[in-house]
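Below is one structure, written out as structure tokens, with a few remarks after it.
The values are calculated or read from the model by the stated rules, or taken from the named source; none is laboratory data. Predicted, not measured: the structure shown is a model, and the values here were computed from it. Positions of Cβ are backbone-derived with ideal geometry, glycine not excepted, and every protein chain shown enters the neighbour counts.
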């Protein structure tokens, strides 16, 4: 009976403790909600060519906002996202950040999505002396050297070459080795930067550049460029482009029956479900950069997030998988949240100091910052698309059956199909 009494007493104490803890959590969360919110401001492409990717990122950020507020916010205050559609138009960006800081009086700022949208924000950010974490912006801090800038893009210290280095590595492993390369790039800041890196790689790997020309932003018909590259008879073709031009290039290459030995490199957009659906088997054989793919190991820390994202995606009318930008949108704002908590302050200098000294663990992997606000190690991959059948849909894109990780070697899932025409 004494044992029964003790058990009942201990159970009662445990229950009371749990109830008190739950009550404290509720009270803490409720108290946070009564305080003035911490306002986090940013621009984000919701329309225009970058819209399909920007929409993914925004949903990821909203999931973080909801989860953070459910846990009591940051520094005991709720968080509130304040954002505007930059329409994939760089000219809108300075005005957006001026409004965020001068009129909306946001406490913190984040970069929008993509190099072309982050670069024009930099002068405003520097003038206001704000800490600035960007999303998928390639080497935009190189001309500014701003000490409170931090990138979320897994290039590592070799920023510009990282997008195409893996393709050159794979090409140089073939027998006989390819000896010539054609470079074509969109007239946009990202594409120019990535192509500059491709030139560095060509020099490093001893490959002769036989074609090197740009094309206007969002050119609908790229067949003249394809014909010119065909005439160059290059072994390797490197394409540096934003989404619509990436799609147009894949279509033009297929229509021309162009068959270089290896083609791809830095083509933004091919990672998005909407463009995979559009292109289908035309993607077969292309080798392109990736920042994250749903292997078992990579999915493990991100599974709960993607489950939630994919449940919300239909109603939000965004990419149904979110693999390219959804997870990264969540990760880059979570790094800001971790830095605020770590610094125990909204002071930009203190947040920047914390970002510089910390290794961040996120659902998309772990990273630390080096000089210039870039990652200390690269996480870039090159994948090859293959075996895609007509009518392939969501279940195909959900997995790894249609893509092989080629580089880095440590996480490779197979070998390249070479030359390109064999993958057709």
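Observations on the structure shown:
- The single condition among (1) within 18 Å of residue 50 (Cβ to Cβ); (2) not in a loop (DSSP other than H, G, I, E, B) that residue 269 does not satisfy is (2).
- Condition met for residue 194 (touching a strand residue (DSSP E or B) at 6+ places or on another chain (Cβ under 7 Å), within 16 Å of residue 243 (Cβ to Cβ) and assigned to a helix (DSSP H, G or I)): yes
- Among the criteria (1) farther than 15 Å from residue 276 by Cα; (2) touching a residue at least 40 places away in the same chain (Cβ under 8 Å); (3) over 21 Å from the mean Cα position of the chain (by Cα), the one residue 408 does not fulfil is (3).
- Every test in (1) assigned to a helix (DSSP H, G or I); (2) farther than 21 Å from residue 45 by Cβ; (3) in contact (Cβ under 8 Å) with a residue 24 or more places away in the chain is passed by residue 300 save one, and that test is (3).
- Looking only at residues of the range 366-395 that are closer than 13 Å to residue 294 by Cβ and in contact (Cβ under 8 Å) with a residue 12 or more places away in the chain, we find that the one that is nearest to the chain's Cα centre (by Cα) is 381.
- Some residue of the range 338-352 being crowded, with 18+ Cβ neighbours inside 10 Å, in contact (Cβ under 8 Å) with a residue 60 or more places away in the chain and closer than 30 Å to residue 282 by Cα: no
- Subset of the range 96-112 [within 23 Å of the chain's Cα centre (by Cα) and within 19 Å of residue 144 (Cα to Cα)]: 97, 109, 110, 111, 112
- Annotation note: of 225, 238, the sole residue that is at negative phi, crowded, with 22+ Cβ neighbours inside 10 Å and part of a helix (DSSP H, G or I) is 225.
- Residue match in the range 132-145 (condition: assigned to a helix (DSSP H, G or I) and within 22 Å of the chain's Cα centre (by Cα)): no
- Residues satisfying the criterion are absent from the range 148-160 (criterion: assigned to a helix (DSSP H, G or I) and either in the same structural domain as residue 329 (by TED's automatic domain parsing) or surrounded by fewer than 24 Cβ atoms within 10 Å (Cβ to Cβ) (or both)).
- Single match in 345, 401, 334 (criterion: in a helix (DSSP H, G or I) and farther than 20 Å from residue 268 by Cβ): 334
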